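J.: Here it is: the structure, laid out below.
What follows is calculated from the coordinates using simple rules that are stated; it is not laboratory data. Computed from a predicted model, the values in this text were never measured in an experiment. Neighbour counts run over all protein chains shown; Cβ positions are idealised from the backbone, glycine included.
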């Protein structure tokens, strides 16, 4: 994992987050219940926050301990896929069991931020 890879992932995730938000606001409004639309908005919101988190991780890379920084990036990417992905899939398919995956993704997102904190704690005093 490199800062360049994190920037690439963050930028693509943010672009897709904007597209997901627009699709939710304009394309899904008449197709799903208000509750499911709110679920979609939650996924898009978390996607945007964590896309920015990936960019922040890349920007701070030189000040971080490498091993927990790599873990932070990997956990954030996996958490995004599981958390946001399961919510998007739930809305599009109405398969409720997909909601069981969401907390795992949320846990990975929490762990990613803790790994970033550890990376900062152990990082060089640059």
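J.: Tell me the angle of helix 34-60 to the major Cα principal axis of the chain, expressed in degrees between 0 and 90 and rounded to the nearest ten.
T.: Once rounded, the angle reads 20 degrees.
J.: Follow-up. Can you pull the percent of Cα pairs in region 3-122 with separation above 20 Å?
T.: 42 percent
J.: Moving on. So how do 54-62, 68-76 stack up, highest first, on mean other-Cβ count within 10 Å?
T.: Result, highest mean first: 68-76, 54-62.
J.: Report the extension gain between residue 96 and residue 56 in nm, rounded to one decimal, defined as 0.36 nm multiplied by the number of residues separating them, less their alpha carbon distance. Kindly include the intermediate steps, with their values, before the conclusion.
T.: Details: separation 40, 0.36 × 40 = 14.40 nm, distance 3.35 nm.
Length gained, residue 96 through residue 56: 11.1 nm.
J.: Ok, one more. Give me the distance in nm between label points sitting 7 Å out from Cα along the Cα-to-Cβ direction at residue 29 and residue 16, one decimal.
T.: Going by the 7 Å Cα→Cβ label model, 2.5 nm.
J.: Helix-derived [θ] at 222 nm for the chain: sum -39500 (n - 2.57) over DSSP H runs of at least 4, divide by residue count, nearest 500?
T.: The helix-only estimate for the chain comes to -27000 deg cm²/dmol at 222 nm.
J.: Under a point spin-label approximation (7 Å from Cα along Cα-to-Cβ), what is the residue 122-residue 38 distance to one decimal in nm?
T.: Label-label distance for residue 122 and residue 38, simple model: 4.1 nm.
J.: Taking the chain as the reference, fit the longest principal axis to its C-alpha atoms, fit the long axis of helix 66-93 to the helix C-alpha atoms, and give the angle between the two in degrees, 0 to 90, nearest 10.
T.: 0 degrees
J.: Roughly what angle does helix 3-22 make with the longest principal axis of the chain, taking Cα atoms, 0 to 90 degrees, to the nearest 10?
T.: Rounded to the nearest ten degrees, it is 20.
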